[in-house]
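Reading through the structure tokens given below for one structure.
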Amino acid sequence: MRINWHKDWVDIKGKHTLYRLDARTGRLVMSQVDGQSYPALDLLADAGVNGAYARGQMVFDDLSDKRTWELPAIEAVSAPDAGVFEGFTEEDGCLVGSWLAGQTRIRQIYDLCDEALRLRAEVINLSQAEAVINGVSFLYKRQAADAWFEYPTNDSRVYHDLDMADGAAHSCGLVGSMTHLKTSEGSLNLLFLDEVEKWAQGAWRAGGEITHVYAASVECALMPGERALVGCFYLSPVKQGEDPYLHIRAFFDRLGFRPLMAGIREGVLYSCHPHGTMDGGFALHKTLQEYARELPQIKALGVDHLWLLPVFERLDRGVYHPTDQRPIDARYGGEEGMREFADKAHDLGMTVLFDYVPHGPEPTDPLAREHLDWCSKRRDGSLQDEWHCVSFDMTHPEYLAYTRELVGSHVRRFGIDGARIDCAMGGLSNWDPFPGHRPSASNLQGGVSISRAIMDGFERMGKRAYLLPENFNPVPAFYPVTGVFYGMNLYRVMTGLWERNADAHTFAQELTRFLEIEHKAMPLGLKKLRFLGNHDTVSWVWQKQRAYESYGVEKAKALFALMFFLDGVPMIYQGDEDPNIAGKDGPLMRDFFAQISQIRRELIGEDDFVQHLHTGTGAFAFLRRHEGQTRLVVISISDKEERITLGEAKGAALSAGEARLDGETVTLAPYAYAVFTLKEQA
């Protein structure tokens, strides 16, 4: 990296890239890769200080009462920069620009990271009193044009500048690190990572300008002279001819964010509980001993792993409100019941995952009363609370040590094989944090820390574990502690298509494009959970019902086949195979799940290879590889016969399902699927 000073501008130059900033205003005016230029209006950071954004570039949104899943609001702003540019300096190999806004100084620290321009923000309190920081945002501004952008792995929609009304703003529902911008000049990737707190991602139009924003949920108090360093925004122009999504994968890989490869990451997952399902009100009241007698039926579905919803000691309240996660509740059969269940599962060749609930118990429970120092607190010193529970600070070293030992105890007593980790995106801000941590460290940093502690608990016992953090968000910081990514992004995209009442053609083609981009942008080896519903979605959030109730029986079966034949780990939620388990009337699908599990095992396998094919119809098509053979999978979600012409189909042999093949044309009946084995190339 070289910094070249000129009279009117300053250039930051890499081997292939160049970034130009106006020496008089501090604004970024251009980025360039291999001589191809991308004009810009600005790249800046702004901070919420004492109830208002210092530079006036964001609408202030108080974070203090937000829940763990809530993110900063993004609203359109059209206002002059209230910050006064003080000039550039060169410090420790970085270019540093300073802006004075009242009693706050915001320093923008620029350097290169793998040829991308990296921006970090430093907020300094110049006043003689405490300054409360509430949000730090990174904004990339450009002229509206005949351009479009999207949020790879987070959203299936494409946003066109020309379709955005003046004053229109949007944000994604999940934390996302990736924005891909396509202009007449080429592709730009706007990437973001904050390893401490969560953030919102979105954009707005104001007049003739488009602003892309990442708004980090920073909360802290700065005493006079104190400073806070936040985030990493990466402006990464894509070379001509380079795939912009593979560019994202390679970029985060070179930063060292790679998936956990050592654990259990294959097979079919079944989520269950001895008392039944959440949408059934947990009404079955079986002990683990009694439920163990049903395990052969579950195994017959093709199941390899059992995610057991919490069976820990609790009072007369929900299963996700344990008083203490060490003992097994007597109503489930206690320690003896758990041992019998685990032994039976292992005898059948299935693993057992506990569902850990690290957010903490209710405030009157002994574990909370004895460890008030683990509890996150508001600014007034009162306990944070969520779901009527305390919010343990998941960065607290003593709580992390307790968690590692807790996991070890369960491995010793029951031989458990892995964990689903509830609320793995962390907890609420802790205004009495462990020294060296800022209050908002308890959210994203807390989620990564607690996931790592649980991983360490298994590793210390010599256990090759199945690790499934409940991280909805495709965030690179979680890659190293994730065996299987939770996959809520795919479920939400499908739910969005369902809410829009998308026809079969739109549904199949938009979802195909999403899956293709997801596979390219996320790292190879990161397994993704594939499901049509879980305990939350069938009961109280999003669709609030079973897949057959949302899509109809036949379309749901086609989509289940998609989940099983895609790359990743398919999941069945207890009752999907028999709605009577949830106290409902509906289709009996035990034989169906057994069939698609067998096809997956014998013909599809666990290889990460997938190549999506765009059919232009209401059907999906993609290639998979297993044991040296390439398979063509076709799945219709249409209520009409679909004819698909694919060059890959010529000479293929039907191996499973039902379809007609005439040369290169595959004909599928409504909601049918088929798997073909391709003719080997000479």
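The values are calculated or read from the model by the stated rules, or taken from the named source; none is laboratory data. Computed from a predicted structure; not experimentally measured. All Cβ positions, glycine included, derive from the backbone under ideal geometry; neighbour counts span all protein chains shown.
Checking Phe192 against (1) closer than 26 Å to Asp81 by Cα; (2) out of contact with any Gly (no Cβ under 9 Å at 6 or more places or on another chain); (3) free of Cβ contacts under 8 Å to residues at least 60 places away in the same chain: exactly one of these is not met. Which one?
Exception for Phe192: condition (2).
Among (1) in contact with a Cys (Cβ under 6 Å, 6 or more places away or on another chain); (2) loosely packed, with under 15 Cβ neighbours inside 10 Å, there is one condition Thr364 misses while meeting the rest; what is its number?
Against the list (1) in contact with a Cys (Cβ under 6 Å, 6 or more places away or on another chain); (2) loosely packed, with under 15 Cβ neighbours inside 10 Å, Thr364 comes up short only on (1).
For every residue, the table says whether it meets (1) of a type in the set (A, V, I, L, M, F, W, C); (2) surrounded by 19 or more Cβ atoms within 10 Å (Cβ to Cβ); (3) under 22 Å from His16 (Cα atoms).
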{"position": "Thr89", "(1), (2), (3)": "no, no, no"}
{"position": "Tyr151", "(1), (2), (3)": "no, yes, no"}
{"position": "His160", "(1), (2), (3)": "no, no, no"}
{"position": "Met178", "(1), (2), (3)": "yes, yes, yes"}
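Can you say whether Asp608 is surrounded by fewer than 23 Cβ atoms within 10 Å (Cβ to Cβ), closer than 18 Å to His535 by Cβ and among the acidic types (Asp, Glu), as far as the supplied structure shows?
no
If I filter the range 470-513 down to residues being closer than 27 Å to Gly256 by Cα and among the aliphatic types (A, V, I, L, M), which single residue comes out as modelled with the lowest pLDDT?
Val475
Take the residues of the range 266-287 that are surrounded by fewer than 21 Cβ atoms within 10 Å (Cβ to Cβ) and among the charged types (D, E, K, R): which is modelled with the highest pLDDT?
Lys286
Working carefully through the options Arg625, Arg600, find the one that is modelled with pLDDT of 95 or more, in the same structural domain as Glu554 (by TED's automatic domain parsing) and surrounded by 15 or more Cβ atoms within 10 Å (Cβ to Cβ).
Unique residue meeting the criteria: Arg600.
Which fully enclosed strands (runs of 3 or more DSSP E) of the range 1-101 have 3 or more residues being free of Cβ contacts under 8 Å to residues at least 40 places away in the same chain and farther than 20 Å from Ile210 by Cα?
Output list reads 2-5, 9-13, 84-91, 94-101.
Inspect all residues belonging to the range 33-45 and state whether any of them is in contact with a strand residue (DSSP E or B) (Cβ under 7 Å, 6 or more places away or on another chain) and closer than 25 Å to Met223 by Cα.
yes
Counting only residues that are under 18 Å from Phe560 (Cα atoms) and buried (at least 19 other Cβ atoms within 10 Å of the Cβ), how many does the range 661-675 have?
Final tally of qualifying residues: 6.
If Leu524 meets every condition in (1) surrounded by fewer than 22 Cβ atoms within 10 Å (Cβ to Cβ); (2) part of a helix (DSSP H, G or I) apart from one, which number is that one?
(2)
Considering every residue within the range 72-79, establish whether at least one is within 24 Å of His6 (Cα to Cα), buried (at least 18 other Cβ atoms within 10 Å of the Cβ), out of contact with any His (no Cβ under 7 Å at 6 or more places or on another chain) and not aromatic (Phe, Trp, Tyr).
No, every residue in the range 72-79 fails to be within 24 Å of His6 (Cα to Cα), buried (at least 18 other Cβ atoms within 10 Å of the Cβ), out of contact with any His (no Cβ under 7 Å at 6 or more places or on another chain) and not aromatic (Phe, Trp, Tyr).
With Phe620, Phe592 as the choices, which residue is assigned to a strand (DSSP E or B), within 30 Å of the chain's Cα centre (by Cα) and crowded, with 16+ Cβ neighbours inside 10 Å?
Phe620
Mind telling me which of the residues Glu549, Glu516, Glu554 ends up being within 20 Å of the chain's Cα centre (by Cα), in the same structural domain as Ala594 (by TED's automatic domain parsing) and either surrounded by fewer than 21 Cβ atoms within 10 Å (Cβ to Cβ) or farther than 30 Å from Leu260 by Cα (or both)?
It is Glu516.
Any residue at all in the range 342-361 that's charged (D, E, K, R), over 32 Å from the mean Cα position of the chain (by Cα) and surrounded by 19 or more Cβ atoms within 10 Å (Cβ to Cβ)?
yes
Could you grab the pairs with beta carbons closer than 7 Å, sequence gap of 6+ or different chains, first residue in the range 236-250 and among the aromatic types (Phe, Trp, Tyr), second one assigned to a loop (DSSP other than H, G, I, E, B)?
Tyr245/Pro152
Counting only residues that are more than 20 Å from Gly418 (Cα to Cα) and either small (Gly, Ala, Ser) or not in a strand (DSSP E or B) (or both), how many does the range 287-320 have?
Residues in the range 287-320 being more than 20 Å from Gly418 (Cα to Cα) and either small (Gly, Ala, Ser) or not in a strand (DSSP E or B) (or both): 13 in total.
Determine if the range 393-410 includes at least one residue that is part of a loop (DSSP other than H, G, I, E, B), out of contact with any Pro (no Cβ under 7 Å at 6 or more places or on another chain), in contact (Cβ under 8 Å) with a residue 12 or more places away in the chain and hydrophobic (A, V, I, L, M, F, W, C).
For the range 393-410, residues part of a loop (DSSP other than H, G, I, E, B), out of contact with any Pro (no Cβ under 7 Å at 6 or more places or on another chain), in contact (Cβ under 8 Å) with a residue 12 or more places away in the chain and hydrophobic (A, V, I, L, M, F, W, C): absent.
Which of the residues spanning the range 495-547 are under 15 Å from Gly618 (Cα atoms) and β-branched (Val, Ile, Thr)?
Result: Thr506, Thr512.
For residues that are touching a helix residue (DSSP H, G or I) at 6+ places or on another chain (Cβ under 7 Å) and crowded, with 20+ Cβ neighbours inside 10 Å, scanning just the range 628-660, find the one that is farthest from Gly568 (Cα to Cα).
It comes out as Ser638.
Within the range 447-498, which residues are hydroxyl-bearing (Ser, Thr, Tyr) and assigned to a helix (DSSP H, G or I)?
Ser449, Ser451, Tyr479, Tyr491, Thr495, listed by residue number.
I'm checking my understanding of the structure. Among residues of the range 445-462 that are small (Gly, Ala, Ser) and in contact with a Gly (Cβ under 6 Å, 6 or more places away or on another chain), which one is farthest from His396 (Cα to Cα)?
For the range 445-462, the residue satisfying everything is Gly457.
Which of the residues that make up the range 324-341 are closer than 29 Å to Ser429 by Cα and surrounded by fewer than 19 Cβ atoms within 10 Å (Cβ to Cβ)?
Listed by number, the residues that qualify are Asp324, Arg326, Pro327.
Would you tally the residues in the range 369-392 being within 25 Å of Gly418 (Cα to Cα) and in a helix (DSSP H, G or I)?
Qualifying residue count for the region: 1.
Please indicate, with yes or no, whether at least one residue in the range 570-585 is among the basic types (Lys, Arg), outside any loop (DSSP other than H, G, I, E, B) and over 24 Å from Met261 (Cα atoms).
So far as the range 570-585 goes, no, none of its residues is among the basic types (Lys, Arg), outside any loop (DSSP other than H, G, I, E, B) and over 24 Å from Met261 (Cα atoms).
Among the residues in the range 631-643, are any in contact (Cβ under 8 Å) with a residue 40 or more places away in the chain, within 23 Å of Arg513 (Cβ to Cβ), of a type outside the set (D, E, K, R) and assigned to a loop (DSSP other than H, G, I, E, B)?
Scanning the range 631-643 turns up at least one residue that is in contact (Cβ under 8 Å) with a residue 40 or more places away in the chain, within 23 Å of Arg513 (Cβ to Cβ), of a type outside the set (D, E, K, R) and assigned to a loop (DSSP other than H, G, I, E, B).
Pick from Tyr38, Tyr53: which is surrounded by fewer than 22 Cβ atoms within 10 Å (Cβ to Cβ) and either under 33 Å from the mean Cα position of the chain (by Cα) or on the phi > 0 side of the Ramachandran plot (or both)?
Among Tyr38, Tyr53, only Tyr38 is surrounded by fewer than 22 Cβ atoms within 10 Å (Cβ to Cβ) and either under 33 Å from the mean Cα position of the chain (by Cα) or on the phi > 0 side of the Ramachandran plot (or both).
May I ask you to verify whether Ala262 is farther than 30 Å from Ser184 by Cβ and at pLDDT below 95?
yes
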